[in-house]
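Only one structure is covered here, and it is reproduced in the block below.
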Amino acid sequence: MENVLLIALSRQMALRREMDVIANNVANVTTNGFKRRSAESREFQMPVASGDTFRRGADRRVSFVVDRGTPLDLSTGTLERTGNPLDIALPGDTWLVVQTPQGERYTRNGAMMVNAQGQLVTSDGHPVVGEQGAVTFSSDETNLAITGDGTVSSSNGSRGRLRIVRFQNPQALQNAGANLFASTQPAQVATDARVQSGFIERSNVRPVVEISRMIEVTRQYQSIASLISRTDETRRTAIQRLGEPI
């Protein structure tokens, strides 16, 4: 009977983790360049608590549910034309490098502007890193533009080229908050990357799919909670009857 409770609890923990992931996806439906995550779980068979070790009869192995991870969905979101010459949509496997107080981070948010200090920044305010460092403009420069190879130009000519990178294993990227990612593996400069100026990539979250999955997870959680309640009631009843005088 204890196995029933422990197995059910392991499933509830996995469902709770999945609900957290879904809620984060839904919260970022309108976040530029956001990449959704999914929750995966797997079966874990208890290696010692099994009736197979007993001589009389055979019992089933006890299987628990284990969180396997939350892989990134790297599919490209819908491209939206903005008409802003500083907005770019990146190829599907590349990332824009930005500077933060914690060091370099990576994002798919291609919505950019020039801040009061003349720096090219994302819509979240993070300075964009070029191949030669920060991309800056003077107050009198006009006709700002970004070409397909990531070169930033103005009325004063070329201002540098965006540093666009890719990773050998994008699944190793770790969320760093504010729609940013960190990585322990080296980034490779994507010299062949071709960006689309005047477009931004929207979130790849599909709200209808996420809400449907949220409802399904909620129902599964409630069903397991009901199972735990009935099992607990059965145990209490058994204890009461066994304690009654004969």
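The values are calculated or read from the model by the stated rules, or taken from the named source; none is laboratory data. Being a predicted model, the structure only gives us computed values, none of them experimental. With ideal geometry, Cβ positions are generated from the backbone for all residues, glycine too; neighbour counts draw on all protein chains shown.
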Open item on the list: Being at positive phi, surrounded by fewer than 19 Cβ atoms within 10 Å (Cβ to Cβ) and modelled with pLDDT under 95: is that true of residue 57 here?
Closed with: yes
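Of these, 8, 49, which one is touching a Leu at 6+ places or on another chain (Cβ under 7 Å), more than 14 Å from residue 209 (Cα to Cα), at pLDDT below 95 and of a type outside the set (S, T, N, Q)?
Values: 49 fails: touching a Leu at 6+ places or on another chain (Cβ under 7 Å).
The conditions single out 8.
Kindly evaluate residue 84 against the criterion of being over 16 Å from residue 179 (Cα atoms), free of Cβ contacts under 8 Å to residues at least 24 places away in the same chain and not basic (Lys, Arg).
Numbers: over 16 Å from residue 179 (Cα atoms): yes; free of Cβ contacts under 8 Å to residues at least 24 places away in the same chain: no; not basic (Lys, Arg): yes.
It is false that residue 84 is over 16 Å from residue 179 (Cα atoms), free of Cβ contacts under 8 Å to residues at least 24 places away in the same chain and not basic (Lys, Arg).
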TODO: Answer yes or no: is there a residue in the range 182-189 that is in the same structural domain as residue 113 (by TED's automatic domain parsing), touching a Ser or Thr at 6+ places or on another chain (Cβ under 8 Å) and either surrounded by 16 or more Cβ atoms within 10 Å (Cβ to Cβ) or more than 27 Å from residue 101 (Cα to Cα) (or both).
DONE: no
TODO: Hey, can you tell me all the residues within the range 11-35 that are surrounded by fewer than 17 Cβ atoms within 10 Å (Cβ to Cβ) and among the hydroxyl-bearing types (Ser, Thr, Tyr)?
DONE: 30
Task: Condition broken by residue 184, with the remaining ones in (1) in contact with a strand residue (DSSP E or B) (Cβ under 7 Å, 6 or more places away or on another chain); (2) closer than 14 Å to residue 105 by Cα; (3) among the hydroxyl-bearing types (Ser, Thr, Tyr) satisfied - done: (1)
Task: Flag for residue 98 being more than 19 Å from residue 82 (Cα to Cα) and within 31 Å of the chain's Cα centre (by Cα) - done: yes
